[in-house]
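Heads up: the structure comes next, in structure tokens.
The values are calculated or read from the model by the stated rules, or taken from the named source; none is laboratory data. Source: prediction; values computed, not measured. Positions of Cβ are generated from backbone atoms using ideal geometry, with glycine treated the same way; all protein chains shown enter the neighbour counts. Just the protein is used for accessible areas: all its heavy atoms, side chains included, with ligands, DNA and RNA removed. Shrake-Rupley method; radii C 1.70, N 1.55, O 1.52, S 1.80 Å.
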Amino acid sequence: MNIKENVALAPLTTLRVGGPARYFVEASCEDEVREAVDFARTRSLPLFVLGGGSNLVVADSGWPGLVLRIAISRMCNEEAGNAVLFSVGAGLDWDDFVARAVAQNCAGVECLSGIPGSVGGTPVQNVGAYGQEVADTIESVRALDMKEDRIVVLPRPACEFRYRSSIFNTAERGRYIILRVNYRLQRGGGPSLRYADLKEHFAQTKTPPTLDAVRQAVREIRCRKGMLIVHGDADCRSAGSFFKNPVLSDEQFRELTARARTRGLEVPSYPALEARRKASAAWLVEHSGFAKGFRLGAAGISTKHALAIINTGNARANDIVRIKETIQQGVESTWGILLELEPVFVGF
Ligand SMILES: Cc1cc2nc3c(=O)[nH]c(=O)nc-3n(C[C@H](O)[C@H](O)[C@H](O)COP(=O)(O)OP(=O)(O)OC[C@H]3O[C@@H](n4cnc5c(N)ncnc54)[C@H](O)[C@@H]3O)c2cc1C
């Protein structure tokens with residue numbers, strides 16, 4: 001194990017803010033993960049598990065304990081009837097896995113192309129986009145249970161996947177270190193074309209698109225929205241969507257619709273939102289006075305996506321916190337809805 005000291009964390013995140021880790025180590029096998037946990041335990045250091053750093057805001061003061069970056073990247077697969085079971089190391093880049101699955105003509109994750117971060121990060125907030133979420137294909141998660149001090153395999157129901165949540169970011173936050181994720185994909189399965197943007201993209205196509213065509217389409221759409229990491233493009237120096245789409249009660253939804261009507265507006269509604277009575281967080285932000293391209297100090301809103309808070313160049317974590325509070329307060333005073341945060345705040 002190569003434990004380093006005072007390692008800058010900002011370059012290891014997509015938002016690129018925050019201070020250093022007191023201690024930092026990378027683990028490329030399960031034994032190294034255990035060693036790292038022992039190191040932290042024997043010194044009573046708080047432990048933070050880092051994946052690809054794409055869903056994080058790190059405090060300017062950094063992390064006072066050990067940051068453990070998971071780098072287990074081996075992947076293997078086996079046939080199971082029409083399905084293929086992929087066992088994927090938590091440290092593998094998520095989009096690399098998607099590319100390999102699509103190249104093997106396996107359906108189930110093609111709409112999740114271009115999401116940054118690691119495989120191990122995907123169960124944490126049940127990553128989703130363009131009509132798919134990983135809960136649809138995860139068979140089980142192999143993890144180190146730090147409470148019981150043993151390796152466990154959690155079948156899908158035990159992960160309690162919901163919209164942007166699982167036990168890993170709610171009830172059991174901090175208990176498990178994800179080592180491998182097992183996905184069940186369909187060999188030769190058709191691509192998922194549920195989402196309006198995707199349907200539109202293929203509207204003129206006569207034959208059904210291949211998995212690879214859908215993967216490329218998703219990446220193109222994401223790029224237009226600043227949701228694909230393109231080096232040098234400030235619009236994607238973000239943590240993705242900063243706010244979740246609020247899930248509303250019937251009464252809250254009625255109240256929102258009534259408020260909109262008094263301003264001559266109609267709350268957007270389409271099937272993906274209606275199914276769970278979700279309101280569009282992007283619409284709420286834009287109709288509270290925060291247009292795309294809005295700036296507050298060195299932080300801002302992407303010019304391509306109303307939900308992406310960006311670091312325009314030299315932002316510090318405090319600038320990110322200031323703009324997110326300004327937006328939350330603006331939306332709450334205009335619409336009576338407190339937007340929930342999607343990224344994880346580290347060291348605050
Ligand atoms: C441009 C952009 C676009 C995005 N688009 C989407 C999108 O379309 N849909 C979506 O759902 N998300 C999206 N995201 C958010 C982000 O990419 C995902 O949440 C991603 O899965 C996070 O994985 P990560 O490896 O980067 O995790 P990190 O950011 O490193 O960590 C996030 C959380 O997961 C925990 N964690 C990470 N790895 C492990 C592990 N092995 N064991 C235990 N805990 C772990 C961390 O402790 C932390 O709590 C986007 C982000 C960006 C920057």
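A few remarks follow.
- Label point at residue 22 placed 7 Å out along Cα→Cβ; residues across the range 314-348 whose backbone nitrogen lies under 14 Å: 347-348
- If you wrap the Cα atoms of the range 107-253 in a convex hull and average its projected area over all directions, you get 11.3 nm².
- GNM flexibility winner over the chain from 302, 280, 118 (Cα, springs under 10 Å): 280
- Measuring nothing but alpha carbons in the range 281-348 and taking Rh as the Kirkwood radius, the Rg to Rh ratio lands at 0.94.
- Taking the range 1-151 and dividing mean pair separation by its residue count, relative contact order in percent (alpha carbons under 8 Å, at least six apart): 18 percent
- Environment charge of residue 201, counting only residues whose C-beta is closer than 15 Å and scoring Lys/Arg +1, Asp/Glu -1: +3
- Note that the chain presents 45 Å² accessible area per residue, ligands and nucleic acids not counted, probe 1.4 Å.
- Heavy-atom accessible surface of the chain: percent carbon and sulfur, 1.4 Å: 47 percent
- Set of the range 278-317 residues, backbone N closer than 17 Å to the point 7 Å along the Cα-Cβ line of residue 249: 278-279
- For the chain, a Gaussian network of Cα nodes joined below 10 Å ranks 174, 91, 114 by mean-square fluctuation, and the top entry is 174.
- Contact order for the chain, expressed relative to its length and based on alpha carbon pairs under 8 Å spaced 6+ residues apart, stands at 17 percent.
- Total formal charge among the other residues, if their Cβ is under 9 angstrom from that of residue 132, Lys/Arg +1 and Asp/Glu -1: -2
- Rg ratio (alpha-carbon, reference 2.2 N^0.38 Å) - the chain: 1.01
- Ranked packing of 178-185, 236-243, 129-136, 23-30, most packed first, by mean Cβ within 10 Å: 236-243, 178-185, 129-136, 23-30
- Summed residue charge, Cβ within 15 Å of residue 66's Cβ, Lys/Arg positive, Asp/Glu negative: +1
- Since only 151, 64, 91 are under comparison, the one whose Cα sits farthest along the positive direction of the charge dipole of the chain, derived from C-beta charges on Lys, Arg, Asp and Glu, is 64.
- Over all orientations, the range 1-92 has a Cα convex hull whose mean projected area works out to 6.9 square nanometres.
- Taking the average, over residues, of other Cβ atoms within 10 Å as the packing measure, peptides 68-76, 52-60 rank 52-60, 68-76 from highest down.
- Among 166, 44, the sequence by solvent-accessible area, most first, with a 1.4 Å probe is 44, 166.
- Listed residues 264, 313, 336, most fluctuating in the chain (Gaussian network, C-alpha, under 10 Å): 264
- Alpha-carbon Debye profile of the range 70-130, log10 I(q)/I(0) at 0.14, 0.17, 0.23 Å⁻¹: -0.37, -0.55, -0.99
- Translational diffusion coefficient of the range 44-107 (Stokes-Einstein, Kirkwood radius from Cα pairs, 20 °C, 1.002 mPa s): 151 µm²/s.
- The ratio of the alpha-carbon radius of gyration of the range 93-161 to the globular-protein estimate 2.2 N^0.38 Å is 1.17.
- P(r) weight above 18 Å for the range 215-262, C-alpha pairs, percent: 54 percent
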